[in-house]
1. Rank-order A:143-153, B:147-157, B:55-65, A:13-23 by packing density, defined as the average count of other C-beta atoms within 10 Å over each peptide's residues, highest first.
2. Check which residues have an amide H placed less than 5 Å from B:Ala16's amide H, if you skip close sequence neighbours.
3. Threshold 50 Å², probe 1.4 Å: give the residues of region A:1-34, in number order, that are less accessible with all protein chains present than with their chain alone.
4. Over all Cα pairs of the protein assembly as shown, how is the pair count split among 20 Å bins, expressed in % and running from 0 up to the last occupied bin?
5. Given a 1.4 Å probe and the protein chains all in place, what does the accessible area of A:Met1 round to, in Å² to the nearest 10?
6. Can you compute the charge dipole magnitude of region B:1-129 about its Cα centre, using +1 on each Lys and Arg Cβ and -1 on each Asp and Glu Cβ, nothing else charged? Give it in debye, rounded to the nearest 20.
7. If I ignore ligands, DNA and RNA and count only protein heavy atoms, how much of B:Ser31 is accessible to a 1.4 Å probe, in Å² to the nearest 10?
8. At a 1.4 Å probe, what is the % contribution of carbon and sulfur to the accessible area of the protein assembly as shown?
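The values are calculated or read from the model by the stated rules, or taken from the named source; none is laboratory data. Please read all numbers here as calculations on a predicted model, not as lab measurements. Methodologically, a virtual Cβ is constructed for each residue, glycine included, from the backbone with ideal geometry; neighbour enumeration extends over all protein chains shown. To get the accessible areas, we keep the full protein, side chains included, count just its heavy atoms, and leave off ligands, DNA and RNA. Shrake-Rupley method; radii C 1.70, N 1.55, O 1.52, S 1.80 Å.
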Number of protein chains: 2
Amino acid sequence: MSLRHALLGLLAEQPASGWDLSRRFDDLLGSVWPAGHPQIYGELRRLEQEAFIEVESEGPRRRKAYQVTDLGITEVRRWLTDVEVDHTLRLEAVLRSVFFWLMTPDQLSDHLRREAAYYEAVAAGYRQLAEAKDRGDFGHGPQTQSVRIAAEAGARLNTALGEWATWALNGPTVDANPAEPSGQTESSDHR
Amino acid sequence: MSLRHALLGLLAEQPASGWDLSRRFDDLLGSVWPAGHPQIYGELRRLEQEAFIEVESEGPRRRKAYQVTDLGITEVRRWLTDVEVDHTLRLEAVLRSVFFWLMTPDQLSDHLRREAAYYEAVAAGYRQLAEAKDRGDFGHGPQTQSVRIAAEAGARLNTALGEWATWALNGPTVDANPAEPSGQTESSDHR
DNA sequence: TCATGACATGTGCATATTGACATGTCCACT
DNA sequence: AGTGGACATGTCAATATGCACATGTCATGA
């Protein structure tokens, strides 16, 4: 479960309340790791019990801002360096592609056009965010740098998916050049 | 829950047992939609109760092969055409990148090198699969075509992630060319 | 004959995730 | 004074998912 470490990581940046964190997930992390507020509040309670975080201050409407403890910082670091990355992927869009043969050509091209448009729009959003970061709109702190890297992933992934949909639209059989134009050659090239 | 539709889709291709489907998920779909065998057997039971599938034959060791019913076929088709694609993404690797600033430069470059190697290897695997499909190693049926498209997605996505890791490794600030130029200001992250 | 490993299906529990519902506060506006 | 909307936190139930354990079959070779 990466949620707890994500929360610790966000809190390492600055104290925040469950509400803050929930919104942070919605706009920033939600696209790579969705989390509803019930999950967040629940996890925060557990993290506090385990002394990874503590209440930093209490605000207006029951607001409770948390901050990480040294133990918590140690824990995120441990996660980042010692815990194997979970490369599990869950992509409904790609799952569906395995069943494209069940759709009529019309339905399929309609679908692919929509998908391409969707991914291109999302990619464009990430690109704008990346540019804003590069312009220095959010300063140049290390945290901003990290988010910049994450945005780059969003841009690249969605661009790749958009191009994939477009490629699929134009009849894969015709195109004899799969993925792999740039970068060094690994080996075993065919084509 | 896409699992049930994935199962129906696989069964639309040919009758199969829970075991068959489980292996199919392991080698083919597992990378975009993991599913353990308990989940599969459970779902099959439910699908049978709801008359989406039925037992086609019983084999040696308690083996039960299922086949889709007309109702089941209708249901996958409905899913493919009428149900909105769930674009939810869950990528721990990218989630981690938001917290890169908590790692030392050494740890980070070590991490990124490993990641790049991992993604490149996986991408290479998909590329080989794609080539085999293009060579016609699996025939040229529509199902094979669909899998070919899915493999393309795997190749493109993992290639993109590998390039992303490499890009991040070489210091993003130096590289002023993210994914594409163009775009205006806006975005509202932060806070 | 006996052990081994691939085949095949399951149960049970723990945890993760989602969605609906519930509660109350503060602020701005009418 | 009253209303609506953003703020803020939570509970609860239903699913989904993952992991460990359990059971038994069939074919192969020692």
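1. Details: A:143-153: 23.4, B:147-157: 25.1, B:55-65: 11.0, A:13-23: 17.8.
By packing density, highest mean first, the sequence is B:147-157, A:143-153, A:13-23, B:55-65.
2. Hits under the 5 Å cutoff: B:Tyr66.
3. When all protein chains are present, A:Val32, A:Trp33, A:Pro34 each give up 50 Å² or more of accessible surface.
4. 26, 53, 21, 1
5. Number for this one is 130 Å².
6. Values: 16 positive and 20 negative charges, 65 e Å.
Here region B:1-129 has a charge dipole of around 320 debye.
7. Approximately 40 Å² of B:Ser31 is accessible to the 1.4 Å probe.
8. On the way: 9210 of 18730 Å².
So the carbon and sulfur contribution to the accessible surface is 49 percent.
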